[in-house]
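Novice: This is the structure I have questions about; it appears just below.
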Amino acid sequence: MAGTVVDGLLANVAGATVGVSTKKPKTGGSLTVGLISDVLSFNNFNGQQASWDQSAFCKGNALFDPLFVTSANGQEILPMLALSATPNAGYTEWTVQLRRGIKFTNGEAFNAAAVVANYAATQVPTSPVGPAILGIISDVVSTGPYTVVYKLDIPFSTFNIQLSEQQISYMAAPGSLGANYKGHPIGTGPFVFESWVLGSTTVVKRNKKYWRKDAEGRQLPYLDEITFKTIPDDSTRNSALASGEIDMLLTTNAGSIKTLQTMKGISWFDDAKGAREPAVNIILVNNSGTENQFGTWDTEALPLLEAGKPVPTALQDAIAGTGPGILGAVNPSTLQWDTSLTPVLNNQSIRQACAKAINRETYVKVCQDGIGTVADGIYRKSSPYYTNPNYPAFDPAGATTLVNAYKSANNVSTVSFVIDIVADSSANAQQFAFIQQQLAAVGITVTARATEQATLIQAAEQGTFDASLWNQFGGVDQGLNYVWWDCVPAAGAFPAAGLGLTALPASVFIPGAVNFAHQADPSVEGAMLAALASPKGSAAYGAAWGKVNDTFAADCTYLFLTQLLTAYAARNGVENWAYSAGFDNKQLLNPDGGSIRWDYVWVSKT
């Protein structure tokens, strides 16, 4: 087991691999885990109808099982609820064979009908998932009691990885799906939902009828109960671990990780050299200065098209971001979206000025206690897709020149915008203060808008934001990021669905529903489609993803800060928290970008 652990896990206990135990596990006991954020509601907490961040994936892994799982080295997609996924020659259809004899915890059968129901749940108006997969998945159909076919809108050579890593792979009981469901989450997972207090605690209990056993035939999971505690502030979460208030924690804060390195009575590791490409810390910016253009397209223009009615020119202009209605900015006084204001971050020269103004090396020293690596794009330097993208270097004089030129060209005396941060996060407050000082030095004024993390994400989804402290991307394959960078051509993209405003210029692209930066570059879309039509590992696949990175750097689509370190720590007595096995006892990628599986965790001390 120890020999197959994820490459790069940092062993800080002599003679042992951190988080992996070869001792005989004990059944029973409880665990308290400190997470970063909470969800806004558990009524529709499932992979088809909720927005999952790292903390939500941790809870999701307790309650649900995915169709597939990923091996520890990130190279194999292994069976879980499903047995196999086979593409057609063009990668536009994937046939999935399902495991038999599994039931959800409410007694419903897991079968092809259940998988189809999970896809149907993404199509209800309240689901944030449906718009995200529109343009990727056109339908999911049953071709037998335990066989489904995923029909895709585009060739997607790595779609099986989507069915392992993305939240749509986690299956919920059909009876718990739908906009009107008011109960609790129901899956096939190792634990069952017990209780939830908003912003505080989530409790799950052992699923006594869980369908999986370990290699020795012992019933999984080993634990009786897990309590997830929401502790947004990193130092408070560390203190809770040190005092014994919690047994484990998740952190993405470098200062917190540095503290963990010297904390007595705990073990820890980070994923700096793991099999999974790390996410990046960025300032997410609203490139278009508009609300979600895809939402406007989908909810206002599409119904008119389907009814055979013309789309008013004003609405077409609004979708293109060239007319009134959705263009705006966050008012720094009210902290509300205001369509009477003129955005500034939709100007490339201002984004470039921001990139030049921020000294990322100093940011690492001041905001991350010297822990971490400066990012100049979406890939780490060891990635096969990385070449130097020539992201702007620190150049305050050059930034000032760009800001002054913008002021002169637009006849304005100030350049300002609002940055969203997580409330009650001392780390976010420190990061904002540093960025505020750096931007002020080149003539840009920024104001903080502190909100709950779920609300911050919601503002990005709706497009009612200027900028936000953010971390995202990464993964075992870059195809996982297609959904975040998708930009839909305005004409002829989805004729079968009625999309395509032919009155708009053919050059107009609409950012996809979860393309939070609202970048709509046809060269990015073209490069991604070229990659996904090519076999993974081919020269064409790698070159296309490299072009995406180069384009983002030149345009300053995102303001890059650092590679995101994700770390887990546990008190002595918590065993096997970095180990989970699939069938044939193959070790799984665990934790996976902050997400962790709980079936093999046990406690030797209570």
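Novice: Roughly speaking, what is the stretch gain from Ser382 to Leu198, that is 0.36 nm per residue apart minus the C-alpha to C-alpha distance, in nm to one decimal?
Specialist: Length gained, Ser382 through Leu198: 62.2 nm.
Novice: Moving on to the next point. Rounded to the nearest 0.05, what FRET efficiency do Lys605 and Ser41 have when you use their Cβ-Cβ distance and R0 = 56 Å?
Specialist: Working: r = 35 Å, r/R0 = 0.63.
E(calc), rounded to 0.05, equals 0.95.
Novice: Next up: Check the straight Cα-Cα distances from Lys381 and name the aspartates and glutamates below 14 Å, setting aside those fewer than 8 residues away within the same chain.
Specialist: Correct list for Lys381: Glu277, Asp550.
Novice: Which whole-percent values make up P(r) of the chain when all C-alpha to C-alpha distances are grouped in 20 Å steps starting at zero?
Specialist: Taking every Cα pair in the chain, the percentages come to 20, 55, 24, 1.
Novice: Between the range 183-202 and the range 517-587, what is the separation of their alpha carbon centroids in Å?
Specialist: What the calculation gives is 29 Å, centre to centre.
Novice: Using a ≥ b ≥ c from the Cα gyration tensor of the range 283-381 (square roots of the eigenvalues), is it rounded, prolate or oblate, where a/c under 1.5 gives rounded and otherwise the larger of a/b and b/c decides, a/b for prolate?
Specialist: Taking the square roots of the gyration eigenvalues as a ≥ b ≥ c, the range 283-381 is prolate.
Novice: Note the full-extension length gain between Thr339 and Lys365 as 0.36 nm times their separation in residues minus their Cα-Cα distance, in nm to one decimal.
Specialist: 5.5 nm
Novice: Right, something else. Quickly work out the Ser538-to-Asp214 label distance, labels modelled 7 Å from Cα along the C-beta direction, and quote it in nm with one decimal.
Specialist: For Asp214 paired with Ser538, the spin-label model returns 4.3 nm.
Novice: Something else: Taking Lys209 as the anchor, which lysines have their alpha carbon closer than 17 Å to its alpha carbon, excluding any fewer than eight residues away along the same chain?
Specialist: The reachable lysines, counting only those whose Cα sits under 17 Å from Lys209, are Lys103.
Novice: Please report the antiparallel percentage of the DSSP beta bridges confined to the chain, to the nearest 5. Before the final figure, lay out the partial values.
Specialist: On the way: 66 of 84 bridges.
Taking every DSSP beta bridge with both residues in the chain, the antiparallel ones total about 80 percent.
Novice: Then there's this: Label the range 202-305 by shape, choosing from rounded, prolate and oblate, from the square roots a ≥ b ≥ c of the eigenvalues of the Cα gyration tensor; if a/c is under 1.5 it is rounded, and otherwise prolate applies when a/b is larger than b/c, oblate when it is not.
Specialist: Note, shape of the range 202-305 comes out oblate.
Novice: Now for a different question. For every helix of n ≥ 4 consecutive DSSP H residues, a contribution of -39,500 (n - 2.57) applies; sum these over the chain, divide by its total residues, and give [θ] at 222 nm rounded to the nearest 500 deg cm²/dmol.
Specialist: -7500 deg cm²/dmol
Novice: Still on this structure: Whole angstrom only: what separates the Cα centroid of the range 95-124 from the Cα centroid of the range 360-419?
Specialist: 46 Å
Novice: Quick check: from the Cα gyration tensor, does the range 120-203 come out rounded (a/c under 1.5), prolate or oblate?
Specialist: Cα axes put the range 120-203 in the prolate bin.
Novice: On to the next question. What's the extension gain from Lys258 to Ala113 if we count 0.36 nm per residue and subtract their Cα-Cα distance?
Specialist: Full extension from Lys258 to Ala113 adds 47.4 nm.
Novice: Find out how many positive minus negative residues lie around Ser30, taking Lys and Arg as positive, Asp and Glu as negative, among other residues whose Cβ is under 9 Å from that of Ser30.
Specialist: Overall, the nearby charge balance is -3.
Novice: Under a crude label model (7 Å from the Cα following the beta-carbon direction), how far is Ala554 from Gln462 in nanometres?
Specialist: 3.6 nm
Novice: Also: Under a cut-off of 20 Å between alpha-carbon atoms, report the lysines in cross-link reach of Lys258, not counting same-chain residues fewer than 8 places apart.
Specialist: Once the sequence-local lysines are set aside, what remains near Lys258 is Lys273, Lys365.
Novice: Tell me, how many Å apart are the Cα centres for the range 291-309 and for the range 22-85?
Specialist: 35 Å
Novice: Suppose each label sits 7 Å from its Cα in the direction of the beta carbon; what would the Val124-Thr299 distance come out to in nanometres?
Specialist: 1.7 nm
Since every read-out is calculated from the coordinates, none of them should be taken as a lab result. Since the model is a prediction, treat every value here as computed from it, not as a measurement. Every residue, glycine among them, receives a Cβ derived from its backbone with ideal geometry; neighbour counts consider all protein chains shown.
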